[in-house]
Amino acid sequence: MSNNLYIFSNDLRLSDNKALFEASKHSDSLEVAFLYNPKKWDSHNESPLKIRFQLANLEILKKDLKGLNINLKIIYAEGIEEEPLKILEEAELIEASGVYINKEYGINERRRDADLKNILETKNINLNIFDSSIINPDLIKTGSDNFFKVFTPYSRSFRSLLAKNFLELSPAPLKQKILLKESDELPEFILENKLHESALDLYKPGEIAAQEILEDFIETKVKDYKKLRDFPKLDSTSGLSPYFASGVISAKTCVNLLLNYSEDIPGTGEYSWFNEVIWREFYKYIIYHYPRVSMKKSFNEKYEDVRWRDDETSFIAWCNGKTGIPLIDAAMTQLNETGWMHNRLRMVTAMFLSKNLLIDWKKGEEYFMKNLIDGDHSSNVGGWQWSASTGVDAAPYFRIFNPITQSEKFDKEGDFIKKFIPLLSELSSKEIHNPEPEIRKKVNYPEMIVDLSSSRKRAIETFSNI
């Protein structure tokens with residue numbers, strides 16, 4: 001009889017899970033394990049809301065796995081360094097001939113996997129690692145056999161390779177002959193942020209929920225995605241980011257359905273959304289080939305010398321949505337209350353912090369990760385470095401969004417602002433984007449914490465002097 005052990009990471013699904021399918025194919029009895037590691041989560045700034053969402057998905061997976069004669073094991077560890085030893089202990093306990101995992105691209109996870117391979121080999125246990133990207137990052141290269149640093153040529157290469165059957169989905173895991181043992185009970189995980197406790201109701205867990213959201217988006221929204229995606233009051237985006245971040249649905253599954261529904265034609269909503277999926281793949285590619293980015297160092301090394309301002313008062317005001325700029329404050333309130341923020345607003349708030357306030361982007365990146373239900377290391381650090389002009393294929397340092405202009409353009413009537421800042425709900429569409437001093441005083445809304453014009457000039461001067 002052959003026993004094997006599969007380890008969940010950011011791939012909490014049964015469908016299109018290559019490592020899980022292969023583990024089931026080569027087993028008579030299979031155990032799947034989830035690494036419960038609060039110390040690692042803290043060191044990686046993982047949001048408690050995201051962890052709670054993952055546990056809710058695990059509860060569903062546990063029931064589905066039982067029907068396949070597969071048990072769920074909770075492996076407890078203290079820090080990522082301890083994970084290889086804990087996995088080895090469990091593999092030995094069940095007399096596993098192999099351990100199966102899907103590849104993660106962060107530098108810590110890659111080091112963990114190298115250590116795991118070495119420690120398993122001492123006990124003659126095979127480590128089987130499967131690529132979790134749509135296309136293996138080692139296969140996408142420039143004409144000069146280097147790795148891309150700019151998105152557009154990367155995306156062209158990515159699209160050209162899709163014709164080589166990279167979109168084939170892995171089958172569901174096979175039912176096992178023997179149930180090894182009963183599944184573990186999932187540990188209780190308390191959310192200290194009570195707003196996030198109620199926010200959980202916004203995100204239905206499970207693969208079926210994710211698939212339904214995908215199908216609804218493709219059938220009813222994707223056509224208009226390009227022209228409507230930047231308006232935060234609209235329900236015009238896919239809503240799949242929490243499911244992407246925890247691997248409840250695969251990018252490959254999404255692209256398959258998209259391309260079955262419509263051709264990938266530039267200028268369409270379908271093409272635009274596919275580009276967003278490719279950006280996710282691009283940021284994984286970047287932290288894999290340029291690991292300094294995974295360590296929160298600037299992709300553009302010269303910007304390690306930026307002299308950021310140490311202004312804790314302004315940073316706290318930004319975190320709490322008290323900057324005196326309605327769109328910024330509404331966006332931060334959305335994050336703090338729901339664990340999610342509209343993508344346009346992620347760029348606007350990030351530019352405001354890193355440019356107008358000239359506060360180190362790493363502080364904002366960490367705050368987002370600690371609060372986002374869809375926090376994804378590669379996408380989050382990539383997006384922040386794009387906004388701060390320190391990253392790969394980033395916005396030039398002199399490109400600085402004016403949050404008032406952005407508000408007037410993308411929330412013209414102020415509906416989004418009114419939803420998250422009720423004390424401004426009686427203001428007209430002309431007043432709400434930048435209320436006059438007397439109006440601010442009347443409704444008890446603060447003055448701006450920074451002058452947008454002079455702070456813009458300060459940022460440009462600081463960056464241009466590097």
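The values are calculated or read from the model by the stated rules, or taken from the named source; none is laboratory data. This one's a predicted model, so the numbers in the text were calculated from it and none came from an experiment. Here the Cβ positions follow ideal geometry from the backbone for every residue, glycine too, while neighbour counts run over all protein chains shown.
Structural remarks
- Checking each residue in segment 310-324 for being within 21 Å of SER389 (Cβ to Cβ), in contact with a helix residue (DSSP H, G or I) (Cβ under 9 Å, 6 or more places away or on another chain) and surrounded by fewer than 21 Cβ atoms within 10 Å (Cβ to Cβ) picks out SER314, PHE315.
- Residue within segment 370-379 that is over 13 Å from the mean Cα position of the chain (by Cα) and at negative phi present: no
- From the list SER133, SER160, SER155, the one residue that fits, being crowded, with 16+ Cβ neighbours inside 10 Å and modelled with pLDDT under 95, is SER133.
- Taken over segment 353-404, residues that are touching a Pro at 6+ places or on another chain (Cβ under 7 Å) and of a type in the set (Val, Ile, Thr) amount to 1.
- Of all residues making up segment 431-466, the number that are touching a Ser or Thr at 6+ places or on another chain (Cβ under 7 Å) and either assigned to a helix (DSSP H, G or I) or not assigned by TED's automatic domain parsing to the domain that holds PRO396 (or both): 1
- Selection count, segment 310-331, where residues are farther than 26 Å from GLU192 by Cα and in a loop (DSSP other than H, G, I, E, B): 4
- Considering segment 332-378, and only residues there that are in a helix (DSSP H, G or I) and aromatic (Phe, Trp, Tyr), the residue that is nearest to PHE299 (Cα to Cα) turns out to be TRP361.
- Segment 287-304: number of residues that are part of a helix (DSSP H, G or I) and either of a type outside the set (Gly, Ala, Ser) or touching a Leu at 6+ places or on another chain (Cβ under 9 Å) (or both): 9
- Taking segment 26-55 as the range and being of a type in the set (Phe, Trp, Tyr), in a helix (DSSP H, G or I) and within 27 Å of ILE125 (Cβ to Cβ) as the test, only TRP41 passes.
- Criterion: crowded, with 22+ Cβ neighbours inside 10 Å, touching a residue at least 60 places away in the same chain (Cβ under 8 Å), farther than 30 Å from ILE466 by Cα and hydrophobic (A, V, I, L, M, F, W, C) - qualifying residue of ILE432, ILE421: ILE432
- Single match in ILE278, ILE249, ILE218 (criterion: more than 20 Å from the chain's Cα centre (by Cα) and either farther than 21 Å from PHE410 by Cβ or outside any helix (DSSP H, G or I) (or both)): ILE218
- Checked across segment 398-414, the condition of being modelled with pLDDT under 95 and either among the charged types (D, E, K, R) or not in a helix (DSSP H, G or I) (or both) holds for at least one residue.
- Check on SER198, polar (S, T, N, Q) and in contact (Cβ under 8 Å) with a residue 24 or more places away in the chain: no
- One residue from GLU182, GLU188 being out of contact with any helix residue (DSSP H, G or I) (no Cβ under 6 Å at 6 or more places or on another chain), at pLDDT 95 or above and not assigned by TED's automatic domain parsing to the domain that holds ASN37: GLU182
- Verdict on LEU327 being within 15 Å of GLY364 (Cβ to Cβ) and buried (at least 20 other Cβ atoms within 10 Å of the Cβ): no
- Enumeration of residues in segment 101-138 that are in contact with an Asp or Glu (Cβ under 6 Å, 6 or more places away or on another chain) and farther than 29 Å from ALA163 by Cβ: ARG112
- Residue check for ARG307: part of a loop (DSSP other than H, G, I, E, B) and either surrounded by 17 or more Cβ atoms within 10 Å (Cβ to Cβ) or out of contact with any Lys or Arg (no Cβ under 9 Å at 6 or more places or on another chain) (or both): yes
- Listed conditions (1) farther than 19 Å from GLU188 by Cβ; (2) assigned to a helix (DSSP H, G or I) are all met by LEU58, apart from (1).
- Test: residue in segment 280-302 that is more than 24 Å from ASN45 (Cα to Cα) and at pLDDT 95 or above: no
- Scanning segment 99-113 finds one or more residues that are over 21 Å from the mean Cα position of the chain (by Cα), closer than 16 Å to ALA23 by Cβ and in a strand (DSSP E or B).
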